[in-house]
């Protein structure tokens, strides 16, 4: 094996070494997700919070709904997605939660552009959720669980906010703060867009992928020459 390539972050690479039985950590390369076509920036300062994803236990949908019930702000929370907890989510919705169901990828981007922030409340270890790259591309900050790679992708206080995983009270407090501090969230949104432009564009991803391929070819070249020599001399 020349190189092992996986999506994620530098933290992903550290974890991947645990599965590298040959202790060849230098052959692990991590390439983040990207957004192929940059959407326009958000259309306003944000009129609501948004969750876009699977409605399931590991994605933290129950944590999100409990936080919505505890929030002291009047912010509207839009929930876009489908999954095994759809009916439970519908039954337990607070008055200021709008359950949209399944929507198209294009509609998700439109919803992001109108949001003040996007919430990623996962209680499982995520690799690199595309929804974060899409949010950053729209210039929208992310409120995410301080869990695994999420805490590396979202920089607390710069491109979004982090809360204790599974803690609905802490999430509610972060949502209330975000709603009460629109200027700070707008600045985080601008920082998120800069993060996208530096790391998550298709052009940057293409250059990174070509560099990875070149590294793989170069690392295999000596082995290839050695095998060829053995065949010729044998």
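Among the residues of the stretch 68-75, is any assigned to a helix (DSSP H, G or I) and buried (at least 21 other Cβ atoms within 10 Å of the Cβ)? Yes, the stretch 68-75 contains at least one residue that is assigned to a helix (DSSP H, G or I) and buried (at least 21 other Cβ atoms within 10 Å of the Cβ). Of the helices (runs of 4 or more DSSP H) that lie entirely inside the stretch 125-211, those containing 2 or more residues that are farther than 16 Å from residue 39 by Cα and at pLDDT 95 or above span 168-180, 182-199. In this structure, residue 50 does not qualify as surrounded by 20 or more Cβ atoms within 10 Å (Cβ to Cβ), at pLDDT 95 or above and assigned to a loop (DSSP other than H, G, I, E, B).
The values are calculated or read from the model by the stated rules, or taken from the named source; none is laboratory data. Bear in mind that the values here come from a model prediction, so they are computed numbers and not experimental data. All Cβ positions, glycine included, derive from the backbone under ideal geometry; neighbour counts span all protein chains shown.
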